[in-house]
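Novice: First, the structure itself, so that you have it in front of you.
Throughout, read-outs are computed from the coordinates displayed, never taken from laboratory work. What you see is a predicted model; the values in this text were computed from it and never measured. Methodologically, a virtual Cβ is constructed for each residue, glycine included, from the backbone with ideal geometry; neighbour enumeration extends over all protein chains shown.
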Amino acid sequence: MNGKNKEAIRVLGIGGSLRKGSYSMAVLRAAGKLLPDGAKFEVADLSGIPIFNQDNELKPPQSVVKFKKQIREADAILFCTPEYNYGIPGYLKNAIDWASRPHGDNSFKDKPAAIISSSGGMFGGIKAQLQLREHFVYLDMHAVNDSIAVSNVEKKLDSDGELTDEYTIRRIKELLKELIEWTDRIAVEK
Ligand SMILES: Cc1cc2nc3c(=O)[nH]c(=O)nc-3n(C[C@H](O)[C@H](O)[C@H](O)COP(=O)(O)O)c2cc1C
């Protein structure tokens, strides 16, 4: 254990929706506010990332250069994704593909991560989580086993997009605590 200061942890939030009124992005922002005081949190902007084409991987666009830098500088990654057709949305997969390339320059390598999913349905996007975990294996990421699937998500947010559901708030706090402890456990001197 390298004793990294838990209060100074930098967490990068990666969301799976570009939708203006996105529920999952609202949950992600809410999670950021539930981190301990002093923790740094930012949400990656995937909106400018073009469709991946391997022909361009050695000359990535600025949006990808920025995304990869944000990942590298983060101590831990917090994903919050909706479920599209039992998987993660294409733009999230697309952003992950960019950040994993070129070969030997995978920005996600060794990063601790935690997963939240959300859905208007009763299963909370759990199948998208499982797909994301499969990607983590190839990406060499280390996810905490716990996760949260927020079902009926629109009922858990108020009209301003603030998370109001006490149970979900408590679960997110627990997950963040686990992520911070896990990050501290697996931190390595770079
Ligand atoms: C293309 C598409 C596929 C979807 N597939 C699923 C699904 O497999 N499971 C599910 O629970 N909801 C599914 N939904 C509903 C989404 O969970 C819902 O639209 C959600 O609000 C999207 O997340 P957002 O609010 O963060 O944009 C799908 C929605 C879209 C647009």
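Novice: Over the Cα atoms of segment 6-186, what Rg and Dmax result, in angstrom?
Specialist: Just the Cα atoms of segment 6-186 yield Rg and Dmax of 15.4, 48 Å.
Novice: Related question: Compute the signed sum of charges (Lys and Arg +1, Asp and Glu -1) over the other residues within less than 12 Å, Cβ to Cβ, of residue 172. Numbers along the way, then the final one.
Specialist: On the way: positive: 29, 33, 156, 170, 171, 173, 177; negative: 146, 165, 166, 174, 178.
Charge balance near residue 172 sits at +2.
Novice: Over segment 6-186, what is the percentage of antiparallel beta bridges among all DSSP beta bridges, to the nearest 5?
Specialist: 10 percent
Novice: What pairs in 66/93; 69/177; 33/177; 66/173; 93/155; 69/127 have C-alpha atoms more than 20 Å from each other?
Specialist: 69/177; 66/173; 93/155; 69/127
Novice: Net charge near residue 91: determine it from the other residues with C-beta under 12 Å of the C-beta of residue 91, scoring Lys and Arg +1 and Asp and Glu -1. Before the final figure, lay out the partial values.
Specialist: Details: positive: 19, 93; negative: 45, 97.
Within the 12 Å Cβ shell, the charges total 0.
Novice: Aspartates and glutamates within cross-link reach of residue 156: Cα-Cα under 16 Å, excluding same-chain residues under 8 positions apart?
Specialist: 165, 166
Novice: Using only the Cα atoms, work out Rg/Rh for segment 111-188, with Rh taken as the Kirkwood radius, to two decimals. Show your work: numbers first, answer last.
Specialist: Details: Rg = 13.7 Å, Rh = 13.4 Å.
That ratio is 1.02, to two decimals.
Novice: Distance between Cα centroids, segment 138-190 to segment 1-74: provide it in whole Å.
Specialist: What the calculation gives is 14 Å, centre to centre.
Novice: Moving to a separate point now. Pairs of Cα atoms under 8 Å, at least six residues apart: use those to get the relative contact order of the chain, whole percent. Show your work: numbers first, answer last.
Specialist: Values: 352 pairs, mean separation 50.1, N = 190.
Dividing the mean separation by the residue count of the chain yields 26 percent.
Novice: Now for a different question. Could you tell me what fraction of 2.2 N^0.38 Å the Cα radius of gyration of segment 66-121 comes to, as a two-decimal ratio?
Specialist: 1.22
Novice: Pick out, in residue order, every one of the GluC sites (Glu not before Pro) in segment 1-77 that is DSSP loop and has at most 16 other C-beta atoms within 10 Å; say none if there are none.
Specialist: 57
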